[in-house]
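Colleague: The following block contains the structure, expressed as structure tokens.
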Amino acid sequence: MLKKKEKALIKQTWDKLTPVAEDIGADALLRMFAAYPGSKTYFSHVDISPGSPHLLSHGKKIVLAIAEAAKDISQLTVTLAPLQTFHAYQLRIDPTNFKLFSHCMLVTLACHMGEDFTPTAHAAMDKFLSAFAAVLAEKYR
């Protein structure tokens, strides 16, 4: 699916983004909530307003999980196994939301990275985030 060069680019990108994980993750979540209001239902018990501690915290968790998965993309299923189980059996998240979030993350990355988000980076990141979303949804089958 991903060439060696694309894997290296993805890993390098997420390594650079880890220091701003809260901002990237919170922005992607806010985009998802605005574009797909139904996704907010899973967060009805917490404050998800811009800048809220929960939004920043959850956004950071997501970005760090993505960055961890990017370290060894060939082990995506193994790396994400605990998150698969948690989202499928405990949180019972509709797996469609993983694809929606993936798209919102791409938009966030384009906004945040500017010229560094080249067409090559975009294509590689789209493949990676699609695989990430698909792996998270595997427990639903």
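The values are calculated or read from the model by the stated rules, or taken from the named source; none is laboratory data. In this text the structure is predicted, and so the values were computed from the model without any measurement. Please note: Cβ atoms are built from the backbone with ideal geometry, for glycine as well, and neighbour counts cover all protein chains shown. We work out accessible area using only protein heavy atoms, side chains counted, and drop any ligands, DNA or RNA first. Shrake-Rupley method; radii C 1.70, N 1.55, O 1.52, S 1.80 Å.
Colleague: Rg to Rh for segment 30-97: what is it, with Cα atoms only and Rh by Kirkwood? Numbers along the way, then the final one.
Modeller: On the way: Rg = 13.2 Å, Rh = 13.3 Å.
On the Cα set of segment 30-97, Rg over Rh gives 0.99.
Colleague: So, one more: For Lys139, go through the lysines and keep the ones whose alpha-carbon is under 24 Å away, minus same-chain ones fewer than eight residues off.
Modeller: Qualifying lysines at Cα under 24 Å: Lys40, Lys60, Lys61, Lys71, Lys99, Lys127.
Colleague: Continuing with the same structure: So how much accessible area does Lys127 have, in Å² to the nearest 10, using a 1.4 Å probe?
Modeller: Around 70 Å² of this residue is reachable by solvent.
Colleague: What is the Å³ per residue value for the convex hull set by the Cα atoms of the chain?
Modeller: Cα convex hull per residue, to the nearest whole number: 101 Å³.
Colleague: Give the aspartates and glutamates reachable from Lys3 as a straight Cα distance under 16 Å; neighbours fewer than 8 places away on the same chain don't count.
Modeller: Lys3 reaches Asp72, Asp126.
Colleague: Ok, one more. Take peptides 105-116, 19-30 and line them up by average Cβ neighbours within 10 Å, highest first, as a rough protection proxy.
Modeller: 19-30, 105-116
Colleague: Per residue, how much accessible area does the chain show when a 1.4 Å probe rolls over the protein heavy atoms, in square angstrom?
Modeller: Heavy-atom SASA per residue in the chain reads 55 Å².
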